[in-house]
1. Would you say residue 113 is in contact with a strand residue (DSSP E or B) (Cβ under 6 Å, 6 or more places away or on another chain), surrounded by fewer than 16 Cβ atoms within 10 Å (Cβ to Cβ) and either closer than 27 Å to residue 211 by Cα or at pLDDT 90 or above (or both)?
2. Answer with yes or no whether residue 183 is more than 34 Å from the chain's Cα centre (by Cα), assigned by TED's automatic domain parsing to the domain that holds residue 212, at pLDDT 90 or above and not in a strand (DSSP E or B).
3. Scan region 87-115 residue by residue and report those that are assigned to a loop (DSSP other than H, G, I, E, B) and touching a residue at least 12 places away in the same chain (Cβ under 8 Å).
4. Restricting to region 29-47, and then to whatever is modelled with pLDDT under 80 and either within 17 Å of residue 65 (Cα to Cα) or exposed (fewer than 15 other Cβ atoms within 10 Å of the Cβ) (or both), can you tell me which residue is nearest to the chain's Cα centre (by Cα)?
5. May I ask you to verify whether residue 202 is over 21 Å from residue 133 (Cα atoms) and at pLDDT 90 or above?
6. With 17, 84 as the choices, which residue is part of a strand (DSSP E or B), closer than 23 Å to residue 177 by Cα and modelled with pLDDT under 90?
7. Given region 116-179, what strands (runs of 3 or more DSSP E) lie entirely inside it while holding 1 or more residues that are on the phi < 0 side of the Ramachandran plot, surrounded by 13 or more Cβ atoms within 10 Å (Cβ to Cβ) and within 32 Å of the chain's Cα centre (by Cα)?
């Protein structure tokens, strides 16, 4: 059973909510009057503490309203992204806490000193866009002191699983606006920690107004809202894909035209270079052939001349060797000696003659 009956004081100030059964009891006892089907007004103004306690009724929960100044980033979470901000909502400036980066986990917490064996309701509003991640989640966890093992967790967002339902769910443009009332009962008196966690999403958390203040916003089912936002995302991605493909196609066409033009220029330059080289080679080929032929002829003639001279020297060496064997001097030698008025020259030894001829051949 939900606490869906609004309770006001005698002046009409909203001080909380109660169960339908409890509201009927207050009406029967004369301690409240019915204002509307879902609203009653207490006969006397009950004293209220800062957390809007209904001290005249033990069965009515104490309301803990969200305050951005009470919360801070949890140092145990290394991926925190968040800050306190003042934004204008519904024409009024509101202190809120914006948390999450759409990917990692962010946690904020507040510590409250609470009474023992008491019902409390933590009340807040949360606005968020669709993150596009199936694993996006948000939770509220309440536990005494630092005893996190003795905690209760209220899952606000998780795909395909049971969730703790809000008291209202509205659409504000693309944003989902929900008001949550988290009930819990204390055991021992002392400090209690209220921990809010978001993962793979961005959220704005702020004090909730009276539920009637959201009447102008259209109601929306959470799963229906997710499906609609998913369709929007798919449409956006398809549009981005189409525009990207068109841009790539246009760029490819332009690049193809440029490459084709560059290819034509390169091909023409290569053809011109080949043609020029062929023309140059045709002009210089006859000159090169004549020069080579002339050089070959000169080398051949020199070789023939050398061959003749070597043959002549060899024959002369042979004659000298035979003359040495018969002790005969060459015919011209005596006459030349007489004309010179000197003694006849000694006949050279055969080995000396051969060495002389060899040296002459080498010198030549």
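1. yes
2. Numbers: more than 34 Å from the chain's Cα centre (by Cα): yes; assigned by TED's automatic domain parsing to the domain that holds residue 212: yes; at pLDDT 90 or above: yes; not in a strand (DSSP E or B): no.
No.
3. Let us first name the residues in region 87-115 that are assigned to a loop (DSSP other than H, G, I, E, B), namely 90-91, 100-104, 115.
Those that are assigned to a loop (DSSP other than H, G, I, E, B) and touching a residue at least 12 places away in the same chain (Cβ under 8 Å): 90, 100, 101, 102, 103, 104, 115.
4. Looking at residues that are modelled with pLDDT under 80 and either within 17 Å of residue 65 (Cα to Cα) or exposed (fewer than 15 other Cβ atoms within 10 Å of the Cβ) (or both), I get 47.
5. Spelling it out, it is not the case that residue 202 is over 21 Å from residue 133 (Cα atoms) and at pLDDT 90 or above.
6. On the way: 84 fails: modelled with pLDDT under 90.
Residue meeting the stated conditions: 17.
7. Details: elements: 119-128, 137-144, 152-157, 168-172.
Result: 119-128, 137-144, 152-157.
The values are calculated or read from the model by the stated rules, or taken from the named source; none is laboratory data. All values derive from a computational prediction rather than experimental measurement. Positions of Cβ are backbone-derived with ideal geometry, glycine not excepted, and every protein chain shown enters the neighbour counts.
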